[in-house]
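*Asks:* One structure follows; several queries about it will come next.
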Amino acid sequence: MRNNPPYNTGSFRFELIFSPNHPLEPPCATLRTPIYHPSVDLEGRVCQPLTSHMHWEPTTRAIQVLQDLLLQLDSPDPQRVLRPDLARELQERPEDFWRRAEEHTRLHAEPRPDTHT
């Protein structure tokens, strides 16, 4: 993740799978660490338009997919929703949403590596 709480307090694992037809087909990103986020469903699938068949460009590089994913997870977008209940909570009761996201991150995310050693 990037720098915004609460997601910046932990490390999240995700998997990027490339089809045998890549780069003609987009990769599939799946979060393996549970996250309290409106754009990630309970199975870890991410609502990422960049990797949809409709928007995919064969010239898109893997680093662009990763950067887009990190940006999206860092700053939830109400237009990219897989969990409408969380999107509604974020819009109507943001304090509750962020408190639950922080708790969920504390419970499920891995400790971030210390980059100063």
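*Asks:* Order of 78-84, 16-22 by packing, highest average Cβ count within 10 Å first?
*Replies:* Final packing ranking: 78-84, 16-22.
*Asks:* Bin width 5 Å, alpha-carbon pairs only: give the P(r) of region 5-117 as whole percents, running from 0 to the bin holding the largest distance.
*Replies:* The calculated distribution, bin by bin, is 2, 11, 21, 23, 18, 12, 9, 4, 1.
*Asks:* Counting only other residues whose beta carbon sits under 13 Å from that of Thr60, what net charge do I get with K and R as +1, D and E as -1?
*Replies:* Computed value for this residue: -2.
*Asks:* If you don't mind, another one. What is the local net charge at Glu103, summed over the other residues whose Cβ is closer than 15 Å to its Cβ (Lys, Arg +1; Asp, Glu -1)?
*Replies:* In short, 0.
*Asks:* Quick one: if the Förster radius is 41 Å, what FRET efficiency do Glu95 and Glu57 give, using the C-beta to C-beta distance and rounding to 0.05?
*Replies:* 0.55
*Asks:* Also, I was wondering about something else. As a test of the formula, what do you get for the chain when each DSSP H run with n ≥ 4 contributes -39,500 (n - 2.57) and the sum is divided by the residue count, at 222 nm and rounded to the nearest 500 deg cm²/dmol?
*Replies:* So the calculated ellipticity at 222 nm is -10000 deg cm²/dmol.
*Asks:* Give, as a single signed number, the net charge of other residues whose beta carbon lies under 14 Å from the beta carbon of Arg45, with Lys and Arg counted +1 and Asp and Glu -1.
*Replies:* Residues near Arg45 contribute 0 overall.
*Asks:* Follow-up. On alpha-carbon atoms, Rg over Rh for region 62-117 using Kirkwood Rh?
*Replies:* 1.05
*Asks:* Within region 54-75, name every residue whose backbone N is under 19 Å away from a label modeled 7 Å from Cα of His108 along the Cβ vector.
*Replies:* 69-75
*Asks:* Next question. What distance in nm separates the two pseudo spin-label positions at Glu25 and Arg45, each 7 Å out from Cα along the beta-carbon direction?
*Replies:* Result for the modelled spin labels: 1.5 nm.
*Asks:* Roll a 1.4 Å probe over the protein chains and send me the accessible area per residue for the chain in Å².
*Replies:* Normalised by residue count, the accessible surface of the chain is 64 Å².
*Asks:* Please give the residues of region 37-74, grouped as numeric ranges, whose backbone N is less than 11 Å from a label point set 7 Å along the Cα-to-Cβ vector of Phe18.
*Replies:* The answer is 61-63, whose backbone nitrogens lie closer than 11 Å to the label point.
*Asks:* Shifting gears a bit: Run the numbers on the chain and let me know its relative contact order in percent, using alpha-carbon pairs under 8 Å that are six or more apart.
*Replies:* The normalised contact order for the chain reaches 35 percent.
The values are calculated or read from the model by the stated rules, or taken from the named source; none is laboratory data. Since the structure is predicted, the reported quantities are computational estimates derived from the model, not experimental observations. Note that each Cβ is placed from the backbone with ideal geometry, even for glycine, and that neighbours are counted across all protein chains shown. For the accessible areas, the whole protein counts, side chains as well, though only heavy atoms, and no ligand, DNA or RNA atoms are used. Shrake-Rupley method; radii C 1.70, N 1.55, O 1.52, S 1.80 Å.
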